[in-house]
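A quick write-up on the structure given underneath.
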Amino acid sequence: MGTRAILTILMLVVSNVFMTFAWYGNLKLQEMKISSDWPLILVILFSWGIALFEYCFMIPANRMGSQIMGGPFSLVQLKVIQEVVSIMVFSGIVTLVFKGQSFHWNHLAAFVCLVLAVYFVFKK
(Lines give C-alpha, C1' and ligand atoms only; values in the text may rest on other atoms or scores of the structure.)
Protein backbone atom coordinates (compact mmCIF):
# COMPACT_ATOMS: atom_id res chain seq x y z
CA MET A 1 0.00 0.00 0.00
CA GLY A 2 1.42 3.37 -1.02
CA THR A 3 1.91 6.54 0.96
CA ARG A 4 -1.16 8.24 -0.54
CA ALA A 5 -3.34 5.28 0.42
CA ILE A 6 -2.04 5.22 4.00
CA LEU A 7 -2.36 9.01 4.41
CA THR A 8 -5.89 8.86 2.98
CA ILE A 9 -6.93 6.21 5.50
CA LEU A 10 -5.28 8.05 8.42
CA MET A 11 -7.06 11.28 7.46
CA LEU A 12 -10.34 9.38 7.21
CA VAL A 13 -9.77 8.06 10.75
CA VAL A 14 -9.16 11.58 12.11
CA SER A 15 -12.15 12.89 10.17
CA ASN A 16 -14.38 10.19 11.60
CA VAL A 17 -13.29 10.93 15.17
CA PHE A 18 -14.51 14.50 14.67
CA MET A 19 -17.65 13.26 12.90
CA THR A 20 -18.54 10.89 15.72
CA PHE A 21 -18.15 13.62 18.32
CA ALA A 22 -20.11 16.07 16.14
CA TRP A 23 -22.99 13.61 15.77
CA TYR A 24 -23.01 11.93 19.17
CA GLY A 25 -20.98 14.16 21.48
CA ASN A 26 -24.05 16.23 22.26
CA LEU A 27 -25.56 13.13 23.86
CA LYS A 28 -22.52 12.79 26.14
CA LEU A 29 -22.75 16.49 27.03
CA GLN A 30 -26.41 15.95 27.89
CA GLU A 31 -25.56 12.87 29.94
CA MET A 32 -22.94 14.88 31.84
CA LYS A 33 -25.51 17.67 32.46
CA ILE A 34 -23.31 20.18 30.60
CA SER A 35 -25.75 21.01 27.81
CA SER A 36 -29.01 20.35 29.66
CA ASP A 37 -30.12 23.96 29.37
CA TRP A 38 -28.87 24.58 25.85
CA PRO A 39 -31.51 25.29 23.21
CA LEU A 40 -31.44 22.89 20.27
CA ILE A 41 -30.04 25.55 17.92
CA LEU A 42 -26.99 25.95 20.19
CA VAL A 43 -26.45 22.17 20.22
CA ILE A 44 -26.65 22.19 16.41
CA LEU A 45 -24.20 25.08 16.10
CA PHE A 46 -21.81 23.41 18.54
CA SER A 47 -21.96 20.20 16.47
CA TRP A 48 -21.39 22.17 13.25
CA GLY A 49 -18.29 23.68 14.82
CA ILE A 50 -16.91 20.21 15.44
CA ALA A 51 -18.01 19.05 11.97
CA LEU A 52 -15.92 21.83 10.41
CA PHE A 53 -12.82 19.95 11.59
CA GLU A 54 -14.25 16.74 10.16
CA TYR A 55 -14.46 18.38 6.75
CA CYS A 56 -10.91 19.75 7.10
CA PHE A 57 -9.74 16.13 7.05
CA MET A 58 -12.46 14.41 4.97
CA ILE A 59 -12.22 16.62 1.88
CA PRO A 60 -8.42 16.41 1.58
CA ALA A 61 -8.55 12.66 2.25
CA ASN A 62 -11.05 12.15 -0.57
CA ARG A 63 -9.06 14.36 -2.92
CA MET A 64 -5.76 12.66 -2.07
CA GLY A 65 -7.24 9.16 -2.28
CA SER A 66 -9.37 9.56 -5.39
CA GLN A 67 -8.17 8.25 -8.75
CA ILE A 68 -9.68 11.42 -10.23
CA MET A 69 -6.93 13.37 -8.44
CA GLY A 70 -4.20 10.77 -9.06
CA GLY A 71 -4.86 8.72 -5.93
CA PRO A 72 -5.10 4.95 -5.61
CA PHE A 73 -8.85 4.52 -4.96
CA SER A 74 -11.99 4.60 -7.07
CA LEU A 75 -14.93 6.53 -5.64
CA VAL A 76 -16.66 3.29 -4.66
CA GLN A 77 -13.53 2.06 -2.90
CA LEU A 78 -13.17 5.38 -1.06
CA LYS A 79 -16.78 5.22 0.11
CA VAL A 80 -16.53 1.65 1.37
CA ILE A 81 -13.25 2.41 3.17
CA GLN A 82 -14.87 5.47 4.75
CA GLU A 83 -17.84 3.44 5.97
CA VAL A 84 -15.62 0.79 7.54
CA VAL A 85 -13.44 3.44 9.18
CA SER A 86 -16.58 5.19 10.39
CA ILE A 87 -18.04 2.11 12.08
CA MET A 88 -14.69 1.19 13.64
CA VAL A 89 -14.14 4.70 15.04
CA PHE A 90 -17.75 4.85 16.22
CA SER A 91 -17.42 1.49 17.96
CA GLY A 92 -14.24 2.50 19.73
CA ILE A 93 -15.61 5.84 20.90
CA VAL A 94 -18.92 4.36 22.05
CA THR A 95 -17.11 1.65 24.00
CA LEU A 96 -14.72 4.11 25.66
CA VAL A 97 -16.92 7.18 26.16
CA PHE A 98 -20.48 5.91 26.54
CA LYS A 99 -20.57 3.47 29.43
CA GLY A 100 -23.37 0.94 29.34
CA GLN A 101 -23.25 0.61 25.55
CA SER A 102 -22.06 -2.89 24.85
CA PHE A 103 -21.51 -4.88 21.69
CA HIS A 104 -23.06 -8.23 20.92
CA TRP A 105 -22.40 -11.05 18.48
CA ASN A 106 -24.64 -9.50 15.83
CA HIS A 107 -22.60 -6.29 15.91
CA LEU A 108 -19.46 -8.33 15.27
CA ALA A 109 -21.23 -10.14 12.43
CA ALA A 110 -22.11 -6.76 10.89
CA PHE A 111 -18.46 -5.67 11.13
CA VAL A 112 -17.36 -8.84 9.38
CA CYS A 113 -19.83 -8.06 6.60
CA LEU A 114 -18.32 -4.58 6.25
CA VAL A 115 -14.82 -6.00 6.04
CA LEU A 116 -16.08 -8.40 3.38
CA ALA A 117 -17.50 -5.38 1.54
CA VAL A 118 -13.99 -3.91 1.42
CA TYR A 119 -12.65 -7.20 0.10
CA PHE A 120 -15.26 -7.38 -2.64
CA VAL A 121 -14.95 -3.74 -3.68
CA PHE A 122 -11.23 -4.24 -4.28
CA LYS A 123 -11.65 -7.59 -6.06
CA LYS A 124 -10.98 -7.38 -9.81
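The values are calculated or read from the model by the stated rules, or taken from the named source; none is laboratory data. Predicted model only: the values in this text are computed from it and were never measured. Methodologically, a virtual Cβ is constructed for each residue, glycine included, from the backbone with ideal geometry; neighbour enumeration extends over all protein chains shown. We work out accessible area using only protein heavy atoms, side chains counted, and drop any ligands, DNA or RNA first. Shrake-Rupley method; radii C 1.70, N 1.55, O 1.52, S 1.80 Å.
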> Which ones in segment 35-52 are assigned to a loop (DSSP other than H, G, I, E, B) and open to solvent by 30 Å² or more (accessible area, probe 1.4 Å)?
Replying inline: SER36, ASP37, TRP38, PRO39
> Which residue pairs have Cβ atoms under 8 Å apart, sit 6 or more places apart or on different chains, and have a first residue in segment 3-27 that is in contact (Cβ under 8 Å) with a residue 12 or more places away in the chain and part of a helix (DSSP H, G or I) and a second that is crowded, with 20+ Cβ neighbours inside 10 Å and of a type in the set (Phe, Trp, Tyr)?
Replying inline: ALA5/PHE73; THR8/PHE73
> Which is at negative phi, modelled with pLDDT under 90 and in contact with a Phe, Trp or Tyr (Cβ under 9 Å, 6 or more places away or on another chain), of GLN101, GLN77, GLN30, GLN67?
Replying inline: GLN30
>> Where the second residue is of a type in the set (Gly, Ala, Ser) and open to solvent by 40 Å² or more (accessible area, probe 1.4 Å) and the first is farther than 24 Å from THR8 by Cα and lies in segment 29-58, which pairs have Cβ atoms under 7 Å and are six or more apart or on separate chains?
In response: GLN30/SER36
> Of everything in segment 63-87 that's within 11 Å of the chain's Cα centre (by Cα) and touching a residue at least 60 places away in the same chain (Cβ under 8 Å), which residue is surrounded by the fewest Cβ atoms within 10 Å (Cβ to Cβ)?
Replying inline: SER86
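Please work out if MET19 is closer than 21 Å to VAL115 by Cα and more than 16 Å from the chain's Cα centre (by Cα).
Working: closer than 21 Å to VAL115 by Cα: yes; more than 16 Å from the chain's Cα centre (by Cα): no.
No; evaluated as a whole, the condition is false for this residue.
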